[in-house]
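Enquirer: First, the structure itself, so that you have it in front of you.
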Amino acid sequence: MKRKGKNIPLYVLATLIFGLKTYIVYRFFFSLDLENGMQELILFINPFVSAFLVFAVSVWIKTPERQMKYLRYMVLIGTLIIYANLVFYRSFSDFITLPQLGQGGNAGDLGSSILSLIKVYDIILFIDVIIVWYLSKKHVIKVKTSYPKSGKICAFALSLALLVGNFFLAEMERPQLFTRAFDREYLVKYIGLFNYHIYDAVLHSKVKTQHVFADGSELPSIDEYVNNEIKQNGKSDLFGIAEGKNVIFISAESIQSFVIGNTVNGQEVTPFLNRLVEDEDTYYFENFYHQTEQGKTSDSEFLTENSLYPLPRGAVFYTHAQNDYRAMPEILGNEGYYTTVFHANNDSFYNRDQMYPNLGFDYYYDQDAYEVNENNSIGWGLKDKQFFEQSMKYLQTLEEPYYAKFITLTNHFPFELDVKDRSIDRYDSNSNTLNNYFPTVRYMDESIELFFNQLKDAGIYEDSIIIIMGDHYGISSNHNKAMSQYLDKEEITPYDHVQLQRVPLFIHIPGHGEGEVKSTISGQIDMKPTILSLLGIENDEDIYFGNDLFNEDRKGYVILRNGDYITKDYIYTSDNCYNFTTGELLDETDANACFEFTEKVNQELSYSDDIIYGDLFRFVDFGEEK
Ligand code: GP9
Ligand code: MN
């Protein structure tokens, strides 16, 4: 008599439990936006489709042991891939890309951040691995291991049919899903994490070949676009106002504009920066957006120095550090400036040791330039107050004029701070991340104030302009619930989400007296042309995508790296347009004028990408070095 359990086809069982697990992760561990029933359906189907595709291959394996081994390892590898993405997602609200894997070195430096991303209950994600492992090993006898040819062909045909069906539904719900590749969330939602990774791998090899085949023939159309659409007529009134002055640039970690002028538990979050907003020597930009993607701080640096967009995948500091650039430090160097970066982290982090010299920086004061010990560090390293204080001795020895960039670190996820360093209480919500954020933002505010005082004491202040810019968001959309509580909103809408991408920009010109709050729609892409103009440096031959913020002749829109954009009237995000001022969702007729920007926006991003992928500046002569 046949034993009852003998006919379990393990690959089908594995598909069911692994598929269900994957679905649970998509639905409850990631926060994917589901807009309608169709999206719910696709999300439910795709985990089973991908699982079946992989596990059904096992029927072709002849020896039962190998067949079981295949299933075991596939379930394990699949689970590890999901888990790695989950941990990554908890920090970045995004999925891993291949170029990002190359940055694995950075993970080691995350230290405590990583630990806070791993939860005890994650163990349930490995239950299916245990079941399959157990069934395949101990009870090998009960599991079906041989299939007739017709069964094999059926399994193969079914897996293909399921895949095609899945892609068909996805394409129906989201036309051009594959060509508009920069929204990873959509890809994962519609075709699943595994197919997304395959797609990412294909894209990656395409990028690699692009460099080889580029020959500069793409340049004339890019040049024409930049001349017609980007470059501004005339000069701003502030052209040359800071000629010959030092530029002290503070890249303020993870600060978002919503904290400026705001309170927590009845106390001001950023008293010093609030005073700076009102200061007669300061221009404060209230509608200034970060435009970073996966490269976070390094992307914001890339935008600032080059006025080019960072890449949709990976950190350009890693992927294209050997390219030719026409970066601001190089241009300033040609004008007699000494250019340097101060940042208390390993010099290899974000590949800065390679990228900085290539951008034209003369020197990088990295972690080794500082005395870092247990008492003066927290989270990612040296505390900001110590950082600024210890930097002063170096700053004072620099030959003027200089461009000195300071990158702060303390206000970094997960926003750890010693109790004694907390001047205000934590917030109270379901998100520890948001709760912790306010005291660390305050700490950064205080450290910048101290730095200003040190600059004054050292007699540097009057000879300098000081720019403070937020590098990117600190609170991801994972914390929307807590954020809506803090902002006293019912929910965080897609419109609100875009508005939360605003980061503060202060341009402080000591003795100027004409500062004001500017509502100009602006972004990090604008920093290079703005700084060069303030210093009175002509840069007509260059190719870049930003505008001088003080010149009225502006292009009128800011592009976020995911293809969303902002104009003075509209915000475009997730295929919808909103009224910029009211946040109201526009119906199709009202949105027409807004949609008109879409083509130009995509064109601009792809021109910038072409420059980087093709390393096109190697074909351009930007003029003689001085
Ligand atoms: C690392 C620091 C932080 O050196 O700039 O990087 P981030 O995680 O914000 O991109
Ligand atoms: Mn950062």
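The values are calculated or read from the model by the stated rules, or taken from the named source; none is laboratory data. These numbers were taken from a predicted model, which means no experiment stands behind them. Neighbour counts are summed over all protein chains in view; Cβ atoms, including those assigned to glycine, are modelled from backbone coordinates with ideal geometry. Please note that ligands, DNA and RNA were not included when accessible areas were found on the heavy atoms of the full protein model with its side chains. Shrake-Rupley method; radii C 1.70, N 1.55, O 1.52, S 1.80 Å.
Enquirer: Which value results when the Cα radius of gyration for the stretch 374-512 is divided by 2.2 N^0.38 Å?
Expert: The value comes to 1.20.
Enquirer: Moving on to the next point. Let me check I've understood the local charge: for L359, count other residues with C-beta under 9 angstrom from its C-beta, Lys and Arg +1, Asp and Glu -1. What total comes out?
Expert: Charge balance in the 9 Å sphere: -3.
Enquirer: To continue, here is another question. Based on the Cα gyration tensor of the stretch 181-298, what are the three equivalent ellipsoid semi-axes, each the root of five times an eigenvalue, rounded to whole Å and given largest first?
Expert: Sorted largest first and rounded, they come to 38, 28, 13 Å.
Enquirer: Per 10 Å bin, what percent of the C-alpha pairs of the stretch 2-210 does each bin hold, from zero upward?
Expert: So the P(r) values, bin by bin, are 8, 31, 34, 22, 6, 0.
Enquirer: Turning to a different aspect of this structure: State the dimensionless ratio Rg/Rh of the chain (Rg: radius of gyration of Cα atoms; Rh: Kirkwood radius).
Expert: Ratio value, two decimals: 1.01.
Enquirer: With charges only on Cβ, +1 for K and R and -1 for D and E, what is the dipole size of the chain about its Cα centre, in debye, rounded to 20?
Expert: So the magnitude is around 5880 debye.
Enquirer: Using the Karplus equation 6.51 cos²θ - 1.76 cosθ + 1.60 (θ = phi - 60°), what ³J(HN,Hα) coupling, rounded to whole Hz, does each residue of the stretch 440-454 give in order, writing x for Gly and Pro?
Expert: Along the stretch 440-454, the couplings run 6, 4, 4, 4, 5, 4, 5, 5, 5, 4, 4, 4, 4, 5, 5 Hz.
Enquirer: Note down the accessible area of D33, probe 1.4 Å, to the nearest 10 Å².
Expert: Rounded to the nearest 10, the figure is 90 Å².
Enquirer: What does the net charge come to around I466 if you take all other residues with beta carbon closer than 13 Å to its beta carbon, with K and R at +1 and D and E at -1?
Expert: -2
Enquirer: Roughly speaking, to the nearest percent, how much of the stretch 2-210's 1.4 Å accessible area is carbon and sulfur?
Expert: 71 percent
Enquirer: What is the antiparallel percent of DSSP beta bridges lying wholly in the chain, to the nearest 5?
Expert: That works out to approximately 45 percent antiparallel.
Enquirer: In the neighborhood of Q386, defined by Cβ-to-Cβ distances under 13 Å, what is the net charge if each Lys or Arg adds +1 and each Asp or Glu adds -1?
Expert: Net of charged neighbours comes to -4.
Enquirer: Angle between the Cα long axis of helix 37-55 and the longest principal axis of the chain, 0 to 90 degrees, nearest 10?
Expert: The two axes meet at around 60 degrees.
Enquirer: What number does the stretch 463-535 give for Rg over Rh if you use C-alpha atoms and the Kirkwood radius?
Expert: Result: Rg/Rh = 1.08.
Enquirer: Okay, moving on. Which three lengths, in whole Å and largest first, does the stretch 333-436 cover when its Cα atoms are put on their principal axes?
Expert: Projected onto its principal axes, the Cα set of the stretch 333-436 covers 51, 25, 23 Å.
Enquirer: Run a plain Debye calculation on the stretch 476-626 (Cα atoms as equal point scatterers, no solvent) and give log10 I(q)/I(0) at q = 0.11, 0.13 Å⁻¹, rounded to two decimals, same order as the q list.
Expert: Log-scaled intensity ratios, in q order: -0.57, -0.77.
Enquirer: For Cα pairs less than 8 Å apart in space and 6+ apart in sequence, what is the mean separation divided by the residue count of the stretch 238-554, i.e. the relative contact order in percent?
Expert: In percent, rounded to a whole number, it is 35.
Enquirer: Could you report the stretch 238-554's accessible area per residue, 1.4 Å probe, as an integer in Å²?
Expert: For the stretch 238-554, the per-residue accessible area is 33 Å².
Enquirer: Now for a separate question. Once the Cα atoms of helix 597-613 and of the chain are each reduced to a long axis, what angle between those two axes, in degrees from 0 to 90 to the nearest 10, is obtained?
Expert: 90 degrees
Enquirer: Give the lysines reachable from K189 as a straight Cα distance under 19 Å; neighbours fewer than 8 places away on the same chain don't count.
Expert: K21
Enquirer: Taking Cα atoms of the stretch 238-554, Rg/Rh with Kirkwood Rh, to two decimals?
Expert: Here Rg/Rh amounts to 0.94.
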